[in-house]
Amino acid sequence: MLFVVKMLVSADDSMINNMDKAGWTVLHFAASNRCLEITKIFKTYDTTLEITDKAGYTPFTLKQG
């Protein structure tokens, strides 16, 4: 799975900070599912770590929840 994530992000890293309707980015999803290795991959790209969703949560606050 990590290989696929690396391959997709390296092919098009512009999707890293895109948001869904709730304001979640791929980092929000990875952090909320406790996918540490995937969050590390996203952090090596130009990921906005402080980005908040519509409820005001950052990926970091979701990880701790």
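Each reported figure results from applying straightforward, stated rules to the coordinates on display, with no laboratory input. In this text the structure is predicted, and so the values were computed from the model without any measurement. Neighbour counts run over all protein chains shown; Cβ positions are idealised from the backbone, glycine included.
Structural remarks
- A full extension of the chain between Phe3 and Lys40 corresponds to an added length of 12.0 nm, given 0.36 nm per residue minus the alpha carbon distance.
- Helix-only mean residue ellipticity at 222 nm for the chain, each DSSP H run of n ≥ 4 adding -39500 (n - 2.57), per residue, nearest 500: -12500 deg cm²/dmol
- Couplings for the stretch 24-34, taken from phi via the Karplus curve 6.51 cos²θ - 1.76 cosθ + 1.60 with θ = phi - 60°, read 7, 9, 4, 5, 4, 5, 5, 5, 5, 9, 6 Hz in order; Gly and Pro are left as x.
- Remark on the chain: hydrodynamic radius 11.7 angstrom, per the Kirkwood mean of 1/r across alpha carbon pairs.
- Fully extending the segment from Asn33 to Ala55, taken as 0.36 nm per residue of separation minus the present Cα-Cα distance, adds 6.2 nm.
- The count of lysine pairs in the chain that are at least 8 places apart or cross chains, and whose C-alpha atoms lie under 20 Å apart, stands at 7.
- Degrees between helix 2-11 axis and first principal axis of the chain (Cα, 0 to 90, nearest 10): 90
- Which of Thr58, Thr48, Thr39 has the fewest Cβ neighbours within 10 Å, and the rest in rising order: Thr48, Thr58, Thr39
- As a proxy for reagent exposure, ranking Leu49, Leu36 by other Cβ atoms within 10 Å from fewest up yields Leu36, Leu49.
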